[in-house]
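Each remark here refers to the structure printed beneath this line.
The values are calculated or read from the model by the stated rules, or taken from the named source; none is laboratory data. Computed from a predicted model, the values in this text were never measured in an experiment. Methodologically, a virtual Cβ is constructed for each residue, glycine included, from the backbone with ideal geometry; neighbour enumeration extends over all protein chains shown.
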Amino acid sequence: MLKLTNVTTGYGKLDIVKNISFQVNNNDNLCIIGPNGCGKTTLLKSIANVLPFQGTIEIDGTSVTSMKHSEISKKIAIMSQTSSLYFPYSVYDTVMMGRYLHMQGDLFKTPSRADKEVVMKCIEAVDLKDVKDKEITKLSGGQLQRVYLARTLAQEPEIILLDEPTNHLDLKFQIELIEYLREWSKEDSHSVIGVLHDINLAMRLSENLMVMKDGKAVARGKAGDIVTGTLLQKVYDIDVAGYFRGALKRWENGFS
Amino acid sequence: MKRKITISIIISILTLLFAVALGSVYVSPMDILRIIGSKLFHSPLPETVSDTNISIIWNLRLPRSLVAFVIGGMISVSGVIMQSVLKNPLASSYTLGVSSGASLGAGFVILFGFSLPLMGGFSLPVMGFVFGLGTMLLGISFAGRLDKGFENNTIILTGMVISLFVNAIVTLMSAVKREQMQRLIYWQMGSFSAQDWKNLFILLPIAAVGILLVFHYHRELDMLTFGEEQAKTMGVNTKLVKWILLIAAAALTGSAISFVGVIGFVDLVAPHVVRKIFGSSHRYVIPMSALLGGVFMVICDLVSRTVITNQEIPVGAVTALIGAPFFAYIFFSKRERG
Amino acid sequence: MKKIIASILFTVLLITCVGCGSSNTGTPEADTKPEETQEAESNTADDAVNEETDSKENTAAADITTDRQGNEITLPEQIERVMVAGPSNAEILVGLGYGDKIVAADVYSGNVEGLDGDLPMFDMTAPDVEKILQVEPDVIFVTGMVQSAGEDVYKPFKDAGVCVIYIPSSNSIAGIKEDIRYIAGVMGDAAKSDEIIQEMDQEIDAIRAIGETITDKKKVYFEIAAAPNMYSFGDGVFLNEMIEIIGAENILKNENEWITVAEEAVVAGNPDVILTSVNYIDNPVDEIKGRAGWDVITAVKDDAVYYIDTDASNNPSQNIVKALKEMAENIYPDKY
């Protein structure tokens, strides 16, 4: 269970995220949407303990400031966008890195049998078994994204933070990813907090929605309740609803 | 992979044998084996083997080659750390202050005759080490202060600035004390001459501890290459790990420089070559860099003392002369294939 | 087409040969000198007629139109104020009796006896032009080492009209004697050098006489820089000549001039005597004896490692005789 109270964070003296509060219970998910620059990624970084923040963040009732970083990382994993520079590790080795926290203890951190099993399971879950020994530099953008997902899953966290992970995936994989995570969040005490561009996809992940603009939460609640044309207009500055209405009309007319 | 490792080990042993077999003076291979055998296993040595040759093989060539091997390993591993941690192929503890700092320390001893109490002949290495390490630590802690996030670019920039500043001081000192400047320059060019068993026994534990410590963090090194944030989210205590690794790199090169002077280039080139052959996983890159870096250094030392009979040319020049084309070959040939 | 290429190549070849020829003489200063030389000759010719105290040798000064490097120079009529850049030049001038005319010296000449203790001292590789010109030297004697940087740091002095005389370090005893004679000539009286040169010859011949009787020559290794970059020499250096005069043999005699010597070469050469002129570390002799692997060398076993005076052995001046004697006494203590 994750709870944020009046969290403000940013870079240096500049506050990007202002006074965000929400709570995500076990097996519940949350989608965060909003225009670029509204602070979604910054917020996720604070939750993952990569950025300092003001306010309170509690995991299962314990404030993160009293937890060690490794403890936090055991509970929260973030699946980021792919970086531009990376070395040619194999898919298998990359996913194995997700097991880092669980491999402590051994002097040279040799993976145990359990580690190896988890890694294979995650690789299979993202359908990359065929290329598990291939170098990640040789993968397509979509495949690389799936490697990152497998690595995040291998970390066996309780809460997964998604930072716009669908950028490189085609429609099929986007939907598959969200479906997979939806199922995942139903197990144990898992939750997923996803920052997504696509509102439809977001709503597929969860009914719980938080809409951000300029670092503040302008709306929070069930998607069906809060998503209105007016809200979208206010947040995105264009007639998004009108755009959808138009598309819907053409859909009804069979795209002629 | 196993095959590549075995080949590397075999190459290492062969190179060492070669290094002991060749030199300004010809000693027959049979004699060489007899000498080594007699020293190690107390096997009998025929009268025909002269004392001079025994001394040359056992007291000059063998310790010298072994020291070159260890130093090469230390410097290469240091290079691996700097490149992986700072994600910059030009980052080296030399450019970040260790070599200029060590030159400063050495400058005090060579130019001004400064001598540490109780240290006597050890003043030079100790001063070199202390100042070398100290300068780089100064640079890193400056970076840590300037940038709470301890970003790589900050580290590199502050390191270079401090390094250049210290270099300027050394230049000033040399200008004031020109008579001894030549000696300082020679020291800076590096040499394995006069390396004996004593030095080897001091270097070995330093190298072992340093390299094992680095190996302990091989996974973190892998993860850091994905970027600090990602490594952090996977649970790595990036700031602590970076500090430890950078200090280890500085300590390794600092110790190396303090004994043999500034021999650069190996730490830049060896990691790249090793990665091309063994891949990026630090589980292999670290030990193989130590091995192949050692081999490279032994070869360079061999060249520096045999290419002109009876004379020695500075090994620092040889590493660059041999290293550059070799590096280009490996880099570009693998590129076409890969 | 072939003809054009051939002629171009031929021209290039010609130019290269000419270039090679002239490069031996160092920096060509031919441009401005010829006219001045003409003047100087006519001037000093007048002086020669006017001054009766001049001996025949004085016209030798007027005849001197080049320095020891081959550069053309113009000697001033009177030389009262001399600057020395290089301790060998200082020693020679003092030895000839001109110590009091030295008004400025380089830092390394500080040890030379006979120099005024309060002399302004300069860095000879980067001379402070203004300060030196203030001292108003008539000539500056420079050793050749200074030009290794490539550019001529003494050009400003030439431009200011001061006579700059290059005396490259001679690598033979004969060369040193010529240097002495030359400097004496410049200072106005080549005959003054006779005395010094005679003394030198006497000492050298005395030692050579004994040296020639020695049949069982000892092997010698002489280093001028200590570990780890040991510097020694082979043939073509006056120190090598000196070793042979004494009746000994340099283990590196087959090498050419100065070399950074490999340890193995020394150990294999197994010298009977080791000499060092290193003075920048506390105990050069002990340092040599303590080197790993050197304990098998005869010289170390017999404790025949000696220090030779640094200045006397390094500076190509009449003082090499002092070094010669020290070396002889140390190599063959029973003979010298």
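Working only within the range B:27-59, note down all residues that are more than 9 Å from chain C (Cβ to nearest Cβ) and of a type in the set (Phe, Trp, Tyr).
B:Phe41
Are any of the residues in the range A:103-115 assigned to a loop (DSSP other than H, G, I, E, B), surrounded by fewer than 23 Cβ atoms within 10 Å (Cβ to Cβ), more than 10 Å from every other protein chain (Cβ to nearest Cβ) and in contact (Cβ under 8 Å) with a residue 40 or more places away in the chain?
no
When you check C:Val285 against the structure, is it within 27 Å of B:Phe259 (Cα to Cα) and more than 8 Å from every other protein chain (Cβ to nearest Cβ), yes or no?
yes
Which helices (runs of 4 or more DSSP H) does the range B:26-134 wholly contain that include 1 or more residues that are under 25 Å from the mean Cα position of the chain (by Cα) and over 30 Å from B:Pro287 (Cα atoms)?
Numbers: elements: B:29-41, B:51-54, B:62-86, B:99-112.
Result: B:99-112.
Could you please let me know if B:Met74 is out of contact with any Leu (no Cβ under 6 Å at 6 or more places or on another chain) and modelled with pLDDT of 85 or more?
In short, no.
Select from the range C:102-119 the residues that are more than 14 Å from every other protein chain (Cβ to nearest Cβ), in contact with a Leu (Cβ under 8 Å, 6 or more places away or on another chain) and in contact (Cβ under 8 Å) with a residue 24 or more places away in the chain and list them in ascending order.
C:Val103, C:Ala104
Quick check: is even one residue across the range B:191-206 away from chain C (no Cβ under 14 Å), crowded, with 23+ Cβ neighbours inside 10 Å, within 24 Å of the chain's Cα centre (by Cα) and of a type in the set (Val, Ile, Thr)?
No; the residues of the range B:191-206 include none that is away from chain C (no Cβ under 14 Å), crowded, with 23+ Cβ neighbours inside 10 Å, within 24 Å of the chain's Cα centre (by Cα) and of a type in the set (Val, Ile, Thr).
Could you tell me which of the residues A:Leu205, A:Leu161, A:Leu177, A:Leu209 is free of Cβ contacts under 8 Å to residues at least 40 places away in the same chain, under 14 Å from the mean Cα position of the chain (by Cα) and within 30 Å of B:Met234 (Cα to Cα)?
So the residue among A:Leu205, A:Leu161, A:Leu177, A:Leu209 that is free of Cβ contacts under 8 Å to residues at least 40 places away in the same chain, under 14 Å from the mean Cα position of the chain (by Cα) and within 30 Å of B:Met234 (Cα to Cα) is A:Leu177.
Among the residues that make up the range B:222-235, is at least one of them surrounded by 16 or more Cβ atoms within 10 Å (Cβ to Cβ), among the small types (Gly, Ala, Ser) and over 30 Å from A:Ile159 (Cα atoms)?
Filtering the range B:222-235 for residues surrounded by 16 or more Cβ atoms within 10 Å (Cβ to Cβ) gives B:222-235.
From the residues that got through so far, the ones that are among the small types (Gly, Ala, Ser) too are B:227, B:231, B:235.
Narrowing further to those that are over 30 Å from A:Ile159 (Cα atoms): none.
No, the range B:222-235 contains no residue that is surrounded by 16 or more Cβ atoms within 10 Å (Cβ to Cβ), among the small types (Gly, Ala, Ser) and over 30 Å from A:Ile159 (Cα atoms).
Might you let me know whether the range B:149-170 holds any residue that is out of contact with any Gly (no Cβ under 8 Å at 6 or more places or on another chain), within 14 Å of chain C (Cβ to nearest Cβ), more than 30 Å from B:Arg61 (Cβ to Cβ) and buried (at least 17 other Cβ atoms within 10 Å of the Cβ)?
No, because not a single residue in the range B:149-170 is out of contact with any Gly (no Cβ under 8 Å at 6 or more places or on another chain), within 14 Å of chain C (Cβ to nearest Cβ), more than 30 Å from B:Arg61 (Cβ to Cβ) and buried (at least 17 other Cβ atoms within 10 Å of the Cβ).
Please work out which residue is nearest to C:Asp311 (Cα to Cα), limiting yourself to the range C:122-136 and to residues that are within 14 Å of chain B (Cβ to nearest Cβ) and exposed (fewer than 15 other Cβ atoms within 10 Å of the Cβ).
By that ranking, first place goes to C:Ala126.
For the range B:219-244, how many residues meet the condition of being touching a Phe, Trp or Tyr at 6+ places or on another chain (Cβ under 9 Å) and within 7 Å of another protein chain (Cβ to nearest Cβ)?
Result for the range B:219-244: 10.
Given B:Ser304, B:Ser280, B:Ser255, B:Ser289, which one is among the polar types (S, T, N, Q) and surrounded by fewer than 24 Cβ atoms within 10 Å (Cβ to Cβ)? Write out each step before concluding.
Values: B:Ser304 fails: surrounded by fewer than 24 Cβ atoms within 10 Å (Cβ to Cβ); B:Ser255 fails: surrounded by fewer than 24 Cβ atoms within 10 Å (Cβ to Cβ); B:Ser289 fails: surrounded by fewer than 24 Cβ atoms within 10 Å (Cβ to Cβ).
So the residue among B:Ser304, B:Ser280, B:Ser255, B:Ser289 that is among the polar types (S, T, N, Q) and surrounded by fewer than 24 Cβ atoms within 10 Å (Cβ to Cβ) is B:Ser280.
With the range C:190-296 as the region, which helices (runs of 4 or more DSSP H) entirely inside it contain at least 1 residues that are among the small types (Gly, Ala, Ser), in contact (Cβ under 8 Å) with a residue 60 or more places away in the chain and surrounded by fewer than 21 Cβ atoms within 10 Å (Cβ to Cβ)?
Because the criterion is at least 1 residues that are among the small types (Gly, Ala, Ser), in contact (Cβ under 8 Å) with a residue 60 or more places away in the chain and surrounded by fewer than 21 Cβ atoms within 10 Å (Cβ to Cβ), no helices (runs of 4 or more DSSP H) in the range C:190-296 meet it.
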